Amino acid sequence: MNPQDARLPAGKLLALFAGLALAASPHVERLPMWVNGWLALFLALRVWIAVSARALPHRAWLIVLAIGGAIGVFLTFRTIFGRDAGVTLLVLLMSLKLLELKVMRDIFVVVYLAYFLALTNFFYSQTMPTALLMFVTVLLISASLVSFNDTTRRLRDCLRTAGVLLLQASPVMLLLFFLF
């Protein structure tokens, strides 16, 4: 086992991965099939690495995959700009970031990417079911962030803390919603 991987407990990583899967799940029907396969493969690979305490892939592989993914997005959409190509690129690069998750700094990057990916769901749908799913997603991602910052707490307590934080933030959220 890599000594740096010992800093990231598998149970807490699985909660984060569940939040990422929730954030990406509404995009599955809009993403090209090869991107869905890419996401499923790399998420499953990272879960396997976390559970079995295997070594992470070499950085050279990640660079090759990132370049290949960007080329694939360009060939699929004929651009890397715009809503659909941008969301696809975000999903691809977020899934690659999972394969280099070693330290807390990487956790913060993945959490921020997950928040941003959850936000992109509103580019396509602003319905109440989408809002409810994204609320649950943000709650789970926030709880995993709390759990990584306080390693002595159980996930249930972290969910409670994340719920309180989201409840406390709701007046500001509503104010910003109506102003902007």
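The values are calculated or read from the model by the stated rules, or taken from the named source; none is laboratory data. Treat the numbers as computed from the prediction; the structure is a model and nothing was measured. Glycine gets a Cβ as well: all are built from the backbone with ideal geometry, and neighbour counts include every protein chain shown. Note: accessible area is taken over every heavy atom of the protein model, side chains too, but ligands, DNA and RNA are not part of it. Shrake-Rupley method; radii C 1.70, N 1.55, O 1.52, S 1.80 Å.
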Worksheet, complete the sentence: Within the range 109-135, of all residues that are in contact with a helix residue (DSSP H, G or I) (Cβ under 9 Å, 6 or more places away or on another chain) and open to solvent by 70 Å² or more (accessible area, probe 1.4 Å), the one nearest to L166 (Cα to Cα) is F135
Worksheet item: In the range 73-100, how many residues are more than 18 Å from the chain's Cα centre (by Cα) and buried (at least 18 other Cβ atoms within 10 Å of the Cβ)?
Response: 1
Practice prompt. Report, by residue number, each residue of the range 57-85 that is free of Cβ contacts under 8 Å to residues at least 24 places away in the same chain and charged (D, E, K, R).
Written response: R78
Response to the item:
The correct count of residues that are loosely packed, with under 13 Cβ neighbours inside 10 Å and over 11 Å from E100 (Cβ atoms) in the range 35-67 is 11
Worksheet item: From the list T137, T151, T130, T88, which residue is outside any helix (DSSP H, G or I) and touching a residue at least 12 places away in the same chain (Cβ under 8 Å)?
Response: T151
Practice prompt. Considering each residue of the range 154-168, count those that are farther than 22 Å from N121 by Cβ and part of a helix (DSSP H, G or I), and give that number.
Written response: 8
Worksheet item: Does S170 count as within 20 Å of the chain's Cα centre (by Cα), modelled with pLDDT under 95, of a type outside the set (K, R) and farther than 14 Å from L13 by Cα?
Response: no
Item to complete: Answer yes if at least one residue in the range 131-142 is within 21 Å of the chain's Cα centre (by Cα), modelled with pLDDT of 95 or more and of a type outside the set (A, V, I, L, M, F, W, C), and no otherwise.
Response: yes
Worksheet item: Looking at (1) touching a residue at least 60 places away in the same chain (Cβ under 8 Å); (2) not in a loop (DSSP other than H, G, I, E, B), can you tell me which one L31 breaks?
Response: (2)
Worksheet item: If you check R160 against the conditions, is it open to solvent by 80 Å² or more (accessible area, probe 1.4 Å), closer than 30 Å to P57 by Cα and of a type in the set (K, R)?
Response: no
